[in-house]
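Undergrad: Sharing a structure, written as structure tokens. Questions coming.
The values are calculated or read from the model by the stated rules, or taken from the named source; none is laboratory data. This structure is a prediction, so every number in the text was calculated from the model and none was measured. Glycine also receives a Cβ, built like all others from the backbone with ideal geometry; neighbour counts cover every protein chain displayed. Protein only, heavy atoms only, side chains kept; ligands, DNA and RNA dropped before computing areas. Shrake-Rupley method; radii C 1.70, N 1.55, O 1.52, S 1.80 Å.
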Amino acid sequence: MPETAKKNVVLLGATGSIGGSTLRVLREHPGRLELVGVAAHSSHAELAAICHEFNVPHATLSSEAAYAEAKAANNFPANTQLGCGDAGLLEISTLAEADIVLVAVVGACGLKPTLAAIEAGKDIALANKELLVLGGAFVIEAAKRKGVRLLPTDSEHNAIFQCLEGHPQQHLDKLILTASGGQFRDAPIERLASVTPADATQHPNWSMGPKITVDSATMANKGLELIEAHWLFGLEPNRLEVVIHPQSIVHSFAQFIDGSILAQLSPPSMTFAIQHCLLYPDRAPGVDATMDFSKTFQLDFKAPDLKRFPCLQLAYDAMRTGGSGPAIFNAANEVAVERFLAHELSYLDIPRVIEQTLSNINSATATDLDALLEIDHRARQVARNFSTMDRLL
Ligand code: NAD
Ligand code: MG
């Protein structure tokens, strides 16, 4: 395909935060990008509005109840084919006319549709990190075998991808991921015990979905991203570092063996990474204003305090354990965050749930996808059974 040919895009997670930023990019480039399929979980009215605006021929709702409501409301355009459930998600991920699938659903539910899209020969723009932490070995193997592009849309990995272009792997020394440090970076440590879901879903720099905003506060997000970087760029944990950078302007660094360090900068908006992936390898004017060096601003960096951020330490531990360690870390974290947001657990229980789940489940490597999904399932059960009594153990 020539670099400037029109691309047909499928957007999984169209009603979310990344979904919204993607729609802004699509509005800017109607001659270059065409939306041919959209998926969401349950917000059917919002999904219908997207189908009307972009004249989308295929849509799907993973919630069967929401699908029934949408049918009753008859709110989708007559020429939009509407699917539902797991089958609908798989169908839309493999549409014959799609060139690229942007995976922006939240959580491990993104794994099967991504694998299906790869098998169907689609390029992937990957915002969802959980699926790579769960099934990185399978995703990387499939993408290599099928010769499809796996374009990192997470801002740190997108930055690294841009910094590494044209550099042979043997010149690379290490990767340094930047992290904002979240909303409690400088809060007194005693304050963390009383953090509520309302506090933990507000981020100082980024406007994101609730799960990733909590993950940013605990820095489980950076832990997931270290594992994501391991799969995308093939480096072992001792060559992956994290630095706190409160302004979220430098999106990560690549350090080469001669000591030179490259970085990518842009204001904290996901449209830069999303557009880079969708138009890759071409470029075009962006949606958001970039840095203005006529104004004075500061860039600060400092090492993370692993006592304040035990989830980051646990992610390193899981990565060093290897095998299914990262999958167990991810499953336990997903459940812990869900239970925290439902007011069932406290903020400080999140690392406790992860630690307990990691120590309860054998982290031997899963040899096939079914075995991996079974480990994910068991880890979720252990994490669901965590009770506040376990704090005393
Ligand atoms: P969000 O909660 O705002 O949106 C999630 C979207 O996924 C919604 O459209 C929802 O309907 C859909 N969805 C959820 N479960 C689904 C299912 N089972 N089937 C189909 N659709 C489903 O989340 P978000 O902040 O946009 O994040 C999406 C992913 O991108 C996450 O994996 C997150 O870690 C990653 N990410 C987000 C940002 C960001 O700035 N928001 C940055 C980097 C990476
Ligand atoms: Mg990120």
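Undergrad: Enter the accessible area of Cys109 (Å², nearest 10), with the probe set to 1.4 Å and all protein chains included.
TA: 80
Undergrad: Along the charge dipole of the chain, which of Thr22, Leu115, Gln169 sits closest to the positive end, that is, farthest toward it, with unit charges on the beta carbon of Lys, Arg, Asp and Glu (+1, +1, -1, -1)?
TA: Checking the options against the dipole of the chain, the answer is Gln169.
Undergrad: Spelling out what I want: for every residue of segment 57-71, take phi, set θ = phi - 60°, compute 6.51 cos²θ - 1.76 cosθ + 1.60 (Karplus), and round to whole Hz; glycine and proline get x.
TA: Once θ is set to phi - 60°, the couplings for segment 57-71 become x, 10, 9, 8, 10, 6, 7, 5, 5, 5, 4, 4, 4, 5, 5 Hz.
Undergrad: Antiparallel DSSP bridges in the chain: what percent, to the nearest 5?
TA: 25
Undergrad: Using the Cα centre of the chain as origin and beta-carbon charges of +1 (Lys, Arg) and -1 (Asp, Glu), tell me which of Leu192, Ala318, Ser93 is placed farthest towards the positive end of the dipole.
TA: Leu192
Undergrad: Dipole of segment 156-292, Cα-centred, from +1 at each Lys and Arg C-beta and -1 at each Asp and Glu C-beta, to the nearest 20 debye?
TA: 160
Undergrad: Ordered by residue, what ³J(HN,Hα) values in Hz, to whole numbers, does segment 98-115 give under the Karplus form 6.51 cos²θ - 1.76 cosθ + 1.60, where θ = phi - 60° and Gly and Pro are x?
TA: The phi angles translate into 6, 9, 9, 10, 8, 9, 10, 7, 9, x, 5, 4, x, 5, 5, x, 5, 4 Hz.
Undergrad: Remind me, what semi-axes does segment 1-129 give for its equivalent ellipsoid, largest first in whole Å, using sqrt of 5 times each Cα gyration tensor eigenvalue?
TA: Gyration-tensor ellipsoid for segment 1-129: 21, 17, 13 Å.
Undergrad: Work out the length of the dipole vector of the chain about its Cα centre, built from +1 on the beta-carbon of each Lys and Arg and -1 on the beta-carbon of each Asp and Glu, and round it to the nearest 20 debye.
TA: 220
Undergrad: Taking the Cα centre as origin and putting +1 on Lys and Arg beta-carbons and -1 on Asp and Glu beta-carbons, what dipole magnitude results for segment 340-393, to the nearest 20 debye?
TA: That gives segment 340-393 a dipole magnitude of about 200 debye.
Undergrad: Right, next: Translational D (Stokes-Einstein, µm²/s) of the chain at 4 °C and 1.567 mPa s when Rh comes from the Kirkwood sum over C-alpha pairs?
TA: Stokes-Einstein gives a translational diffusion coefficient of 60 µm²/s.
Undergrad: Alpha carbon centre of segment 7-44 versus segment 324-393: separation in Å?
TA: 32
Undergrad: Would you please give the residues with an amide H less than 5 Å from that of Leu151, counting only those at least 5 places away or on a separate chain, with H modeled from the backbone geometry?
TA: Ile124, Ala125, Leu126
Undergrad: Moving on. Taking amide H positions as placed in the peptide plane 1.01 Å from N, state which residues far from Val38 in sequence (5 or more) or on other chains have amide H under 5 Å from it.
TA: The answer is Leu11, His58, Ala59, Thr60.
Undergrad: R0 = 22 Å: FRET efficiency of Glu236 with Ala137, Cβ-based, nearest 0.05?
TA: Result of the calculation: an efficiency of 0.95.
Undergrad: Quick one, what does Rg over Rh come out to for segment 54-144 if you take C-alpha atoms and the Kirkwood Rh?
TA: 1.01
Undergrad: Considering only protein heavy atoms, what per residue accessible area in square angstrom results for the chain with a 1.4 angstrom probe?
TA: 42
Undergrad: Sort out for me the Cα centre separation of segment 99-129 from segment 133-156, rounded to whole Å.
TA: First find each Cα centre; the distance between them is then 9 Å.
Undergrad: If I take all pairs of Cα atoms in segment 1-42, what percentage of them are more than 11 Å from each other?
TA: 65
Undergrad: Next question. Rounded, prolate or oblate: pick one for segment 251-304, where a ≥ b ≥ c are the square roots of the eigenvalues of its C-alpha gyration tensor, a/c under 1.5 means rounded, and failing that, prolate if a/b is larger than b/c, else oblate.
TA: oblate
Undergrad: What do you get when you divide the Cα radius of gyration of segment 206-348 by 2.2 N^0.38 Å, with N the number of residues?
TA: Expressed relative to 2.2 N^0.38 Å, the Cα Rg reads 1.18.
Undergrad: Checking the cross-link filter: which lysines have an alpha carbon closer than 18 Å to that of Lys302, excluding same-chain neighbours under 8 positions apart?
TA: Lys174, Lys222
Undergrad: I would also like to ask the following. May I ask for the Rg/Rh ratio of segment 214-269, computed from Cα atoms with Rh as the Kirkwood radius, given to two decimals?
TA: So for segment 214-269, dividing Rg by the Kirkwood Rh gives 0.97.
Undergrad: Give me Rg over Rh for segment 85-130, both radii from the alpha carbons and Rh done the Kirkwood way, two decimal places.
TA: Rg divided by Rh gives 0.92.
Undergrad: Starting from the exponent 0.38 and prefactor 2.2 Å, build the expected Rg for segment 322-393 from its residue count and divide its actual Cα Rg by it.
TA: 1.07
Undergrad: Which value, to two decimals, describes the C-alpha radius of gyration of segment 275-377 once divided by 2.2 N^0.38 Å?
TA: So the Cα radius of gyration is 1.54 times the expected 2.2 N^0.38 Å.
Undergrad: Read phi for every residue in segment 369-374 and hand back ³J(HN,Hα) as whole Hz from Karplus 6.51 cos²θ - 1.76 cosθ + 1.60, θ = phi - 60°, with x for Gly and Pro.
TA: So the Karplus estimates, Gly and Pro as x, are 4, 4, 5, 5, 5, 5 Hz.
Undergrad: OK, next. Over every pair of different alpha-carbon atoms in segment 110-234, take the mean of 1/r and invert it; report that Kirkwood radius in Å.
TA: Its Kirkwood hydrodynamic radius stands at 16.0 Å.
Undergrad: Turning to a different aspect of this structure: Check each of the GluC sites (Glu not before Pro) in segment 67-144 and keep only those in coil by DSSP with at most 11 other C-beta atoms within 10 angstrom; list them in order.
TA: Of the GluC sites (Glu not before Pro), the ones in loops of segment 67-144 whose Cβ has at most 11 other Cβ atoms within 10 Å are Glu97.
Undergrad: Pick from Asn75, Asn238, Asn333: which is most flexible by mean-square fluctuation in a GNM of the chain where alpha carbon atoms under 10 Å apart are linked?
TA: In this elastic network of the chain, the residue with the biggest mean-square fluctuation among Asn75, Asn238, Asn333 is Asn238.
Undergrad: What percentages make up the Cα-Cα pair-distance distribution of segment 168-211 when the bins are 10 Å wide from 0?
TA: With a bin width of 10 Å, the distribution comes to 20, 39, 19, 15, 7.
Undergrad: Counting other C-beta atoms within 10 Å, and keeping those with at most 14, which DSSP coil trypsin sites (Lys or Arg not before Pro) do you find in segment 275-351?
TA: Answer by residue number: Arg283, Lys295, Lys307.
Undergrad: May I pose another question? Taking only the alpha carbons of segment 168-250, what extent do you get along each of the three principal axes, in Å, biggest first?
TA: For segment 168-250, the Cα extents along the three principal axes come out at 46, 23, 23 Å.
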